[in-house]
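What follows is a set of notes on a single structure, which appears directly below.
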Amino acid sequence: MTAGVLGRTFRHGVHPREHKEGTEDLALERMGFVDRYILPLSQHLGAPCKSVVAVGETVTRGQLIAEPGGFVSMALHSPVDGTVAAIAMRRHPNGQMAQSIEIQADAFSTQRMSAASPVDWRSLTLDEFITHVQQAGLVGMGGAAFPAHVKYKLPEGNRCERLLVNGCECEPYLTCDHRLMVEQPDAIIRGVEILAETLGADSSTIGVELNKPESIEALRRAVGDRGSIDIVPLKVKYPQGAEKMLIKAVWGEEVPAGKLPLDLNIVVNNVGTMAALADYFDRGIPVIERALTVAGPGVDRPANLIVPIGTPVRDVLRRCGLNTQARQVVMGGPMMGTSLASLDVPVLKGTSGLLAFTEDVINHTAEYACVRCGQCLEACGNFLNPSRLARLASAGRYDELEKAHIMDCVECGACTYTCPSGVPIVHLIRAAKGMMRARKAKES
Amino acid sequence: MTRRDPRLLLQSAPFLRRGITTPRLMVDVLIALVPVVLAAVYFFGLSAILVIVAATAGAALTEWVFGPDRRRGGSLTDGSTILTGVLLGLCLPPGIALWMAFLGGAVGVGLGKLVFGGLGQNIFNPALVGRAFLQAAFPTAITTWTQQGAITELLTIRPSNFALPFMQAPAPAADAVDAISAATPLGLMKFQNIPTGVEQLLLGNTAGSLGETCAIVIIICGVILAIRRTFDWRIPVSILGTVAVFSTIVWLFDRTEYPSPWLMLCSGGLLFGAVYMATDPVTSPITPRGAWIFGLGIGLLVVLIRIWGGLPEGVMYAILLMNAATPLIERIAQPRAFGRGRAVA
């Protein structure tokens with residue numbers, strides 16, 4: 001493990017061009033309110049939440065509009081003062097139609113939130129704390145949108161020894177976490193302190209890649225001489241933000257395959273999640289907005305925005321000057337995001353970016369036969385053999401895929417990024433994993 | 001909304017690519033072969049160009065006629081066939097008849113690659129399949145080495161190049177270059193026990209196949225390709241390391257009977273084979289540990305054949321044999337997956 005100026009890292013991985021220069025110096029701005037918000041009841045992993053409002057009902061900004069539909073599920077709050085216009089099927093960014101609450105914003109409202117009281121988190125037991133996090137609607141803000149409180153529910157016999165906070169932002173183009181670290185380091189540090197104390201963690205660590213010296217500086221200043229939180233600079237490499245890679249980078253430890261960081265008594269969270277956690281416990285504000293980056297040559301005015309959850313992508317892109325050359329819109333980062341089929345889908349709690357690509361940057365690589373060059377093996381942070389997985393996946397040989405540990409794949413796309421033959425490796429793997437899950441569900 | 005939405009293109013992540021394509025890799029290797037070709041021309045005259053062009057023409061024509069792409073000749077665009085042709089040309093003797101070189105290219109691509117389903121599917125290195133075919137079919141022609149020349153003979157073309165199938169070569173003029181035949185350093189060592197100086201070998205001032213003689217050029221180009229990560233550096237390192245160690249052990253037993261490690265390393269097709277032939281990604285193991293084992297096997301076989309086999313040179317057969325073993329090597333040399341014990345294939 002090398003530390004200091006060089007930065008620590010994991011083995012393998014890729015170095016895509018960062019493309020962060022267009023937005024990394026743009027301070028976070030607030031997106032204005034628009035007239036309509038769409039809130040899918042399922043915007044995180046796990047069970048969808050259940051609506052507690054009726055059509056026509058008046059709602060206020062920050063009011064609970066849907067409650068958790070199970071333990072692995074989240075509360076949902078109205079991002080605006082307005083009325084419930086519909087509870088019906090609406091377009092979801094994943095390309096399907098999904099049950100959503102549509103809210104018509106009150107055009108005459110100031111949208112000022114009534115003062116909410118901070119939560120006295122020190123008096124809460126861990127279970128109460130977890131319920132609060134769930135009621136705050138807090139999901140992992142890094143992109144996967146995993147319900148945050150589930151990670152804090154420690155299984156019998158485990159305890160959180162180390163709290164690890166992810167400030168890598170290893171996806172190209174995205175800079176919203178960076179801006180958050182630069183502009184709101186106190187909120188992040190505050191969130192880390194609240195969580196570390198509640199979970200009883202022995203140490204807290206924030207990993208930040210070295211391409212964000214300003215972030216490292218700001219966090220270090222916010223920690224001050226308390227010295228309770230370690231800021232660890234990391235070499236720039238994708239996919240360092242994948243939690244197992246981050247643990248490997250910071251401590252050199254490997255989380256066993258099929259296990260969670262919790263099995264090593266580690267809890268991993270994103271910096272955005274920490275800031276949102278502090279917002280809730282200190283100011284009583286649930287998750288009703290988030291920071292995201294709008295970038296790419298398809299927008300004339302790239303920006304880092306704080307956007308109310310549920311804002312249609314169309315409105316966000318219009319604010320940023322979507323131009324006529326745009327041919328593709330990606331939600332999330334360019335390595336793991338989703339391309340959108342419609343601009344009428346909303347920003348979700350897990351939306352870290354909106355990228356508009358023009359013809360000249362869209363990838364049109366021709367596909368050649370795999371020449372077994374081995375680049376994908378050297379890209380795979382999980383030390384799999386992606387070339388072989390792709391070959392087996394296109395042949396539908398699921399039993400062999402299982403033995404080749406296809407389920408260890410985190411679908412980071414590093415193999416596909418690096419493949420000179422343009423083989424859609426991760427796409428084949430995703431498809432095969434879907435088939436295998438369906439097959440397993442059928443069997444049981 | 002007055003303006004119509006753009007027609008959005010749906011794709012699957014990742015949306016970024018490294019931008020280095022397979023044809024680009026092939027072109028990189030071809031560029032790295034230019035110095036080798038120039039060295040061949042320097043030592044063997046324009047004959048070198050003729051032989052390389054003939055072999056490439058045979059390879060390309062076969063790919064064009066029988067290639068798998070629906071569009072005729074479409075599979076030529078990946079550049080691999082041209083590379084096969086040039087590699088084959090470079091491992092032929094300067095005086096070989098052009099029709100033989102052409103036939104070698106055709107057989108290499110046809111039987112070495114296309115019968116398996118084209119690029120990426122073949123088991124054996126196509127260029128070496130072509131050469132092995134020529135060695136079996138024309139054992140005399142392929143082991144007739146002509147004397148290397150110098151810059152003064154740059155424009156020399158060997159009459160034997162123009163021999164027609166099933167005919168005697170045109171009678172050489174008394175002072176023609178091709179009247180002077182020569183033995184390769186390995187042949188000299190094996191059959192007459194005459195060692196050749198290392199400086200001669202490094203410069204390439206010896207008899208031999210077109211591309212194999214000038215060691216220093218091959219080493220430099222190989223290092224550049226390895227740094228650019230065009231091929232897996234482990235394979236040549238493993239081959240050369242094994243040969244160095246194994247031949248040193250043998251040489252220490254009897255320094256007069258057996259060739260020195262330097263002679264072993266720098267002579268014959270070892271460097272050319274290790275850098276350009278064994279590193280063919282399609283026919284070598286894809287995993288890092290597999291690459292080490294693969295190189296080790298080639299190194300051992302080369303020394304075995306050269307010292308105790310009937311032939312003075314064994315690089316071609318060593319590589320082909322290990323090509324055949326590649327699927328087996330991959331079985332035992334899968335990478336150790338993150339957070340796991342050893343993977344099984």
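The mean count of C-beta atoms from other chains within 10 Å of the C-beta of residues in A:323-332, rounded to a whole number, is 3. Cross-link partners of A:Lys153 among lysines, defined as those whose alpha carbon lies under 28 angstrom from its own and excluding same-chain residues fewer than eight positions apart: A:Lys50, A:Lys244, A:Lys248, A:Lys259, A:Lys349, A:Lys433, A:Lys440.
Highest mobility in the GNM of chain B, judged by mean-square fluctuation with C-alpha springs under 10 Å and restricted to B:Pro259, B:Pro285, B:Pro14, is found for B:Pro14.
Considering every residue in A:334-345, what mean count of other chain Cβ atoms within 10 Å of its Cβ is obtained? Provide the component values of the computation, followed by the final result.
On the way: counts 4, 4, 3, 3, 5, 7, 2, 3, 2, 4, 1, 0.
Mean inter-chain Cβ contacts per residue within 10 Å come to 3.
Count charges around B:Pro327 for me, please; just the other residues with Cβ under 13 Å from its Cβ, Lys/Arg as +1, Asp/Glu as -1. Spell out each step's value before the answer.
On the way: positive: A:Arg372, A:Arg388, A:Arg391, B:Arg331; negative: B:Glu330.
So the surrounding residues net to +3.
In this simple spin-label approximation, B:Glu257 and A:Thr324 carry label points 7 Å from Cα along the Cα→Cβ vector, and these lie 8.6 nm apart. For A:Arg290, the residues whose modelled amide H falls within less than 5 Å of its own, excluding neighbours fewer than 5 places apart on the same chain, are A:Val307, A:Ile309.
What the Cβ-Cβ distance of B:Leu30 and B:Val198 gives, at R0 = 41 Å and to the nearest 0.05, is a FRET efficiency of 0.90.
Need one number: % antiparallel among DSSP beta bridges in the protein assembly as shown, to the nearest 5. Write out the running numbers ahead of the final one.
Details: 39 of 63 bridges.
Of the beta bridges lying entirely in the protein assembly as shown, close to 60 percent run antiparallel.
Computed from the Cβ-Cβ distance with R0 of 60 Å, the FRET efficiency linking A:Met435 to B:Ile49 stands at 0.65. The modelled label-to-label distance for the pair A:Ala47/A:Arg301, using points 7 Å beyond Cα in the direction of Cβ, is 4.4 nm.
Straight-line reach from B:Lys113: taking Cα to Cα under 16 Å and skipping same-chain neighbours fewer than 8 places apart, the aspartates and glutamates in range are B:Glu63, B:Asp69, B:Asp78, B:Asp280. Calculated [222 nm] ellipticity per residue, helices only, for chain A: -8000 deg cm²/dmol; basis is -39500 (n - 2.57) per DSSP H run with n ≥ 4, divided by all residues, nearest 500. On the basis of the beta-carbon distance and an R0 of 30 Å, A:Lys153 and A:Ser109 show a calculated FRET efficiency of 0.20. Shielding value for B:285-293 is 3, the average number of Cβ atoms from other chains within 10 Å of each residue's Cβ. Name the residue from A:Ser421, A:Gly298, A:Asn166 whose Cα lies farthest towards the positive end of the charge dipole of chain A, charges +1 on Cβ of Lys and Arg and -1 on Cβ of Asp and Glu. The residue sitting most towards the positive pole is A:Ser421.
Could you list the trypsin sites (Lys or Arg not before Pro) in region A:236-329 that lie in coil according to DSSP, counting only those with at most 13 other Cβ atoms within 10 Å of their Cβ?
Working: sites: A:Lys237, A:Lys244, A:Lys248, A:Lys259, A:Arg283, A:Arg290, A:Arg314, A:Arg318, A:Arg319, A:Arg327; in loops: A:Lys237, A:Lys259.
The qualifying sites are A:Lys259.
The label point for A:Ala366 and the one for A:Ser342, both projected 7 Å from the Cα toward the Cβ, are 3.7 nm apart.
Measuring between their Cα centroids, region A:392-444 and region B:68-137 lie 34 Å from each other. DSSP beta bridges confined to chain A are antiparallel in about 60 percent of cases.
About its Cα centre, what dipole magnitude does the protein assembly as shown give when the only charges are +1 on Lys and Arg Cβ and -1 on Asp and Glu Cβ, stated in debye to the nearest 20? Before the final figure, lay out the partial values.
Numbers: 69 positive and 65 negative charges, 265 e Å.
In total the dipole reaches around 1280 debye.
When you filter the trypsin sites (Lys or Arg not before Pro) in region B:197-257 for DSSP loop state and at most 10 other Cβ atoms inside 10 Å of their Cβ, you are left with B:Arg255. A DSSP coil position with no more than 16 other Cβ atoms inside 10 Å describes the following GluC sites (Glu not before Pro) in region A:341-398: A:Glu359, A:Glu367. Highest mobility in the GNM of chain A, judged by mean-square fluctuation with C-alpha springs under 10 Å and restricted to A:Thr125, A:Thr418, A:Thr293, is found for A:Thr125. For the modelled label position 7 Å from the Cα of A:Ala86 along Cα-to-Cβ, which residues of region A:42-62 have backbone nitrogen atoms closer than 15 Å? The answer is A:55-56. Over chain B, dividing the summed -39,500 (n - 2.57) contributions of all DSSP H runs of at least 4 residues by the number of residues returns a 222 nm mean residue ellipticity of -15500 deg cm²/dmol. Averaging Cα coordinates gives a centre for region A:24-84 and one for region A:305-325; these two points are 18 Å apart. Any chance you could give the angle, 0 to 90 degrees and rounded to 10, that helix B:98-112 forms with the longest Cα principal axis of chain B? Approximately 40 degrees, to the nearest ten.
Laboratory data are not the source of any read-out in this text; all were calculated from the coordinates shown. All of these numbers come straight from a predicted model, not from anything done at the bench. Neighbour counts are summed over all protein chains in view; Cβ atoms, including those assigned to glycine, are modelled from backbone coordinates with ideal geometry.
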